[in-house]
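The values are calculated or read from the model by the stated rules, or taken from the named source; none is laboratory data. In this text the structure is predicted, and so the values were computed from the model without any measurement. Please note: Cβ atoms are built from the backbone with ideal geometry, for glycine as well, and neighbour counts cover all protein chains shown. Please note that ligands, DNA and RNA were not included when accessible areas were found on the heavy atoms of the full protein model with its side chains. Shrake-Rupley method; radii C 1.70, N 1.55, O 1.52, S 1.80 Å.
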Amino acid sequence: MLDLLNAMKQQLKEKRTRQGFNLVIAIAAISLVTQASVNALTYTSASLHSQANNRASTSSLSALEVFKEAYENRYTWDEQFPGYTAVVNFTQGQEKYQGRIQVKPDLSVVVSGINNESARQSIENQLQMLVVHRRSVPFEKVHKDSTFKFGNKDKNGAVEIIKANEPGSSFKVQERKIVQVNRQMGGQSFSVDTLDTEDTPEGYLATRYRTLFQQPQTKQVLAEEVSDDTYKKIGDYYLPVSQVIQHSEGGKQYKAEFNFSDLQLLSSRK
């Protein structure tokens, strides 16, 4: 998740300096909440380890445990991921580009065969965001100093998890899935709602999600983005085969499509 946030910070900066639409993508979420009270007990990562061997057979879990289960239920690529190559077709308005991409075993991204630098960077940035979601990082490494507590519960049963030591940061969890992310960065806040998911034996994938960018104090919506992602299993791994992004900002609508074909896993790690 730290890699994801760093990538998001970079794209939020780029958004202010380039024309067109924002290609920022974040992780999973669902619809906004109504108020209903649940326990407001606070737990830290350290407390999870002390409780692990003494948990009773009950559905009563701490806020950290609920969030950890959802975090570990995400679909990610394992340490043996070999990387892959594909043909990419990128469409934005009337502009169309075709090139090749390579995702290396270390999850770095290379885009080649596209002479338009702006288009090449758009493909590279967006693919990197998709790849960041597949990165497997142990929960204890990412959240070793984090403190969580329960917030509210909505009418659909999604439970709010507040990151108590980071103002403005919260999540929602439902059925072992992270279904909403709320963060604040500088003068802008954003909320990501997942609208649909795909379940796999190794975890869930967010396949449709909406991002709202807001002014933190007034909650005025500055921009809205909806992304539809499709995956296909190639060998032992689910790889992205398409992404369609609808972005609206300042009364204008933008659309971008990324289609990946001829997906081939690399035969060896390099």
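From the list LEU222, LEU239, pick out the single residue that is more than 23 Å from PRO201 (Cβ to Cβ) and part of a strand (DSSP E or B). LEU222 is the lone residue from the list that is more than 23 Å from PRO201 (Cβ to Cβ) and part of a strand (DSSP E or B). Considering only residues in the stretch 208-228 that are open to solvent by 20 Å² or more (accessible area, probe 1.4 Å) and of a type in the set (Val, Ile, Thr), the one that is farthest from ASN156 (Cα to Cα) turns out to be THR218. Evaluated against (1) more than 21 Å from ASP106 (Cβ to Cβ); (2) open to solvent by 30 Å² or more (accessible area, probe 1.4 Å), SER242 falls short on exactly one condition, (2).
Going by what's in this entry, would TYR231 be described as open to solvent by less than 60 Å² (accessible area, probe 1.4 Å), touching a residue at least 40 places away in the same chain (Cβ under 8 Å), closer than 20 Å to ARG134 by Cβ and of a type in the set (Phe, Trp, Tyr)? In short, no. When GLU202 is tested against (1) within 25 Å of THR76 (Cα to Cα); (2) open to solvent by less than 60 Å² (accessible area, probe 1.4 Å), just one condition goes unmet, and that condition is (2). Looking at the stretch 173-194 only, could you name the residues that are within 18 Å of VAL159 (Cα to Cα) and either open to solvent by 70 Å² or more (accessible area, probe 1.4 Å) or touching an Asp or Glu at 6+ places or on another chain (Cβ under 7 Å) (or both)? GLU175, ARG176, GLN180 - these are the residues of the stretch 173-194 that are within 18 Å of VAL159 (Cα to Cα) and either open to solvent by 70 Å² or more (accessible area, probe 1.4 Å) or touching an Asp or Glu at 6+ places or on another chain (Cβ under 7 Å) (or both).
The residues of the stretch 126-166 that are under 19 Å from TYR75 (Cβ atoms) and among the aromatic types (Phe, Trp, Tyr) amount to a single one, PHE139.
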